[in-house]
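Inspection log for the structure reproduced underneath, given as structure tokens.
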Amino acid sequence: MRSQCALYVDAGYLLAASATRVTGTSLRSGVDVDNGALITSLIAQAEVDSGMPLLRVNWYDSGNRAGGLPDFFQQQIGLMPKVKLRLGRRSLSGEQKGVDLRIGLDLAAHGRSRVVDVMYLVSGDDDLTEAVEEAQNHGVQVQLIVVPNHASRPMSVAKHLQQAADGVLLADGAAIDAAVRRRSIPAELAPADLAPPAAVPESPGHTEEAPESGATPANAEPPSPDHPASVPSPSILAGKKSTGLVPPPPAATSTVAWSSDAAGSHQSSEGIEISSAQIDAVARQVIDGWCKAASPEMLARLRSEAPIIPGDLDRALLVDLSNVSGVYDIPDSARFELRERFWVLVERIKLA
């Protein structure tokens, strides 16, 4: 039997991290993705690195339709040659269910059966560390392929997972930039002349590691991809179109710059401070990303559900703040301020 390699793609990680690279926030709804081009790039990298033909791409995500069924885009992915769609489900709150378990079980089972000689795992989730080690125990090599930031460093990858893997490869940044495109904000939600937010200050202890499980999920949907995310840095790129958040308007044509109302900080268990400036900037980034795919009707529905933040938005807020600050377990006080700031800014979105 000839040697082969296989890809195991955590779509939540890939799309959220790619959105972060392109837009600055992990909210997947803020980007449009050419999934075919992205998958083709990963296949080429795996085959070149291993010197082996690809057996299969296993694509893991939560089904975006009721009952965990695939949406149109996921169906198109499943129709691609050598791509196996492996779907979990989504809870009523928007949380992914069963995705990590499917990845872990497949890694362990395929390693035990020696289905392939080299596994390429596209993920940064610490929860998969034990599954990687189980596959390795059966003589299979497991390499990570991770999304790089613009400084060519791994983005949102847990240290334990990096240590367990046989190697860490950076995905092709140019291919990601070509396949993941920023959405524009609907004119109804974004005044054209509003100034962009200031750059997000990073904590001295900032790293690119993913938040640990149980703190801020690493396989955010991003939501996702795909969505905007928040690396290489959470700063808003120069010239980026504004989110459309404004203070209560004295006139319909008012134009103001972003400003922060808070000036405090929060101490994490790791001894790293999270500043109110970071919280303010992350909240603005996530809302900016959400506005790219929103409509006035969606805004009205979001406001009507206050103070409950939809699962994908809440997850993006926590993941982005963790990426920015380098704090894996965001303290409750910072979570409270982040969510409170989110609602303050939501009320400032201007409708045409």
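Residue count for segment 109-126 under the criterion of being farther than 24 Å from ILE309 by Cβ, at pLDDT below 95 and either crowded, with 22+ Cβ neighbours inside 10 Å or among the basic types (Lys, Arg) (or both): the result is 2. In segment 21-36, the qualifying residues are those that are in a helix (DSSP H, G or I) and over 13 Å from TRP290 (Cα atoms), and the one that is nearest to the chain's Cα centre (by Cα) is ARG21.
When segment 298-340 is filtered for residues that are basic (Lys, Arg) and under 21 Å from the mean Cα position of the chain (by Cα), the ones remaining, listed by number, are ARG315, ARG335, ARG339.
How about segment 38-76: which of its residues are touching a Pro at 6+ places or on another chain (Cβ under 8 Å) and either assigned to a helix (DSSP H, G or I) or aliphatic (A, V, I, L, M) (or both)? The one that is touching a Pro at 6+ places or on another chain (Cβ under 8 Å) and either assigned to a helix (DSSP H, G or I) or aliphatic (A, V, I, L, M) (or both): GLU47.
From the list LEU107, LEU87, the one residue that fits, being closer than 30 Å to LEU299 by Cβ and aliphatic (A, V, I, L, M), is LEU87. Entry remark, segment 137-149: residues being surrounded by fewer than 22 Cβ atoms within 10 Å (Cβ to Cβ), farther than 12 Å from GLY124 by Cα and touching a helix residue (DSSP H, G or I) at 6+ places or on another chain (Cβ under 7 Å) number 2 in total.
Only one of the numbered conditions (1) in contact with a Gly (Cβ under 7 Å, 6 or more places away or on another chain); (2) small (Gly, Ala, Ser); (3) assigned to a helix (DSSP H, G or I) is violated by ALA281, and that is (1). Every test in (1) among the β-branched types (Val, Ile, Thr); (2) at pLDDT 95 or above; (3) under 22 Å from the mean Cα position of the chain (by Cα) is passed by VAL157 save one, and that test is (2). In segment 296-324, the residues that are over 30 Å from GLY124 (Cβ atoms) reach residues that are of a type in the set (Phe, Trp, Tyr) and in a helix (DSSP H, G or I) with C-beta atoms within less than 8 angstrom, at least six apart or across chains, in these pairs: ALA306/TRP343; PRO307/TRP343. Taking the conditions (1) part of a helix (DSSP H, G or I); (2) modelled with pLDDT under 80 in turn, GLU209 satisfies each one other than (1).
For segment 1-33, a residue qualifies if it is among the charged types (D, E, K, R) and in contact with a strand residue (DSSP E or B) (Cβ under 8 Å, 6 or more places away or on another chain), and the qualifying residues are ASP10, ARG21, ARG28, ASP32. Considering every residue within segment 129-145, establish whether at least one is in a strand (DSSP E or B), at pLDDT below 95 and closer than 26 Å to GLN96 by Cβ. No; the residues of segment 129-145 include none that is in a strand (DSSP E or B), at pLDDT below 95 and closer than 26 Å to GLN96 by Cβ. Scan segment 97-108 and give yes if some residue there is at pLDDT 95 or above, within 27 Å of GLN4 (Cβ to Cβ) and among the small types (Gly, Ala, Ser), otherwise no. Scanning segment 97-108 turns up at least one residue that is at pLDDT 95 or above, within 27 Å of GLN4 (Cβ to Cβ) and among the small types (Gly, Ala, Ser). Taken over segment 77-89, the criterion of being surrounded by fewer than 19 Cβ atoms within 10 Å (Cβ to Cβ) and not in a strand (DSSP E or B) is satisfied by GLY78, LEU79, MET80, PRO81, LYS82.
Against the condition in contact with a Lys or Arg (Cβ under 7 Å, 6 or more places away or on another chain) and crowded, with 24+ Cβ neighbours inside 10 Å, how does VAL31 come out, does it pass? Here the answer is yes, as VAL31 does meet what is asked. Annotation: SER333 fulfils all but one of (1) at pLDDT 85 or above; (2) under 24 Å from ARG183 (Cβ atoms); (3) part of a helix (DSSP H, G or I); the unmet one is (2). Within this structure, LEU55 passes the test of being surrounded by fewer than 24 Cβ atoms within 10 Å (Cβ to Cβ) and either over 21 Å from ALA108 (Cα atoms) or not small (Gly, Ala, Ser) (or both).
For segment 306-330, the set of residues classified as crowded, with 18+ Cβ neighbours inside 10 Å and assigned to a loop (DSSP other than H, G, I, E, B) consists of ILE309, GLY326, VAL327, TYR328, ILE330, listed by residue number. Among the residues of this structure, LEU121 counts as one that is in contact with a strand residue (DSSP E or B) (Cβ under 8 Å, 6 or more places away or on another chain), closer than 16 Å to ARG86 by Cβ and part of a strand (DSSP E or B).
Output the residues belonging to segment 90-101 that are surrounded by fewer than 17 Cβ atoms within 10 Å (Cβ to Cβ) and either hydroxyl-bearing (Ser, Thr, Tyr) or not in a loop (DSSP other than H, G, I, E, B) (or both). Correct list: SER91, SER93, LYS97, LEU101. Would you call PRO250 at pLDDT 85 or above, in a loop (DSSP other than H, G, I, E, B) and of a type outside the set (A, V, I, L, M)? Considered against the rule, which asks whether it is at pLDDT 85 or above, in a loop (DSSP other than H, G, I, E, B) and of a type outside the set (A, V, I, L, M), PRO250 comes out as no.
The values are calculated or read from the model by the stated rules, or taken from the named source; none is laboratory data. Everything numeric in this text was worked out from a predicted model, so none of it was measured. In this analysis, Cβ positions are derived from the backbone assuming ideal geometry, glycine residues included, and neighbour counts consider all displayed protein chains.
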